[in-house]
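FYI, it's all coordinate maths here, none of it is from the lab. If you're wondering where the values come from, they're calculated on a predicted model, not measured in any experiment. Heads up, the Cβs are rebuilt from the backbone with ideal geometry, glycines too, and the neighbour counts pull from every protein chain shown.
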Amino acid sequence: MMIKSNKSIYLADDDADDCMLFEDALREVCDTTELTMANDGVELLDLMETTVPPPPDVIFLDLNMPRKNGFECLEQIRATLKWKDIPVVIFSTSGQEDMIRKVHDQGANYFIRKPGSFPKLKQAIRQILDIDWSTHSWVPVTDNLRYHY
């Protein structure tokens, strides 16, 4: 089932294959969503400097990137007045509990461990696009485990 949405999504990830898979999955879930990609944290923050406002509806942020990692980006996003309320979804291959707590404490809105299959990736994107961020509370998802804080 395709979602009808005119949302704007930013994706910061240095893995070209992950970016291509994400874009393909997004197009199958919702072909009207605008996707803007950055290859690392420096590129994401430069992009945000020149394009926000208007803010994206959500930022998917990988943690392990060169030049400026996801933790540094998240910290800067939350410290910048015009960006601080943009929902940030941490989208990482790592699912260590201490790291998940750290991004939660830094102000991430959601955590998803990168799914190991294309159907699960589509399901994860669909789930994120369906969230009403004004009422959403923190739920990190790592495989089938959910951590509530």
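A few points about this structure:
- The separation of segment 82-98 from segment 12-56, counted between C-alpha centres, amounts to 14 Å.
- Between SER94 and VAL42, the distance separating the two model label sites (each 7 Å from Cα on the Cα→Cβ line) works out to 2.1 nm.
- Value in Å of the Kirkwood radius, where segment 8-146 supplies the Cα pairs that are averaged: 14.9
- Set LYS102/LYS122; LYS68/LYS102; LYS68/LYS120; LYS7/LYS68 screened for pairs whose C-alpha atoms are more than 20 Å apart: LYS102/LYS122; LYS68/LYS120; LYS7/LYS68
- Extension gain, ARG67-GLN123: 0.36 nm per intervening residue step, less the Cα-Cα distance, totals 17.1 nm.
- Contour excess over end-to-end distance, with Cα ends at ASP17 and GLN76 and 0.36 nm allotted per residue: 18.6 nm
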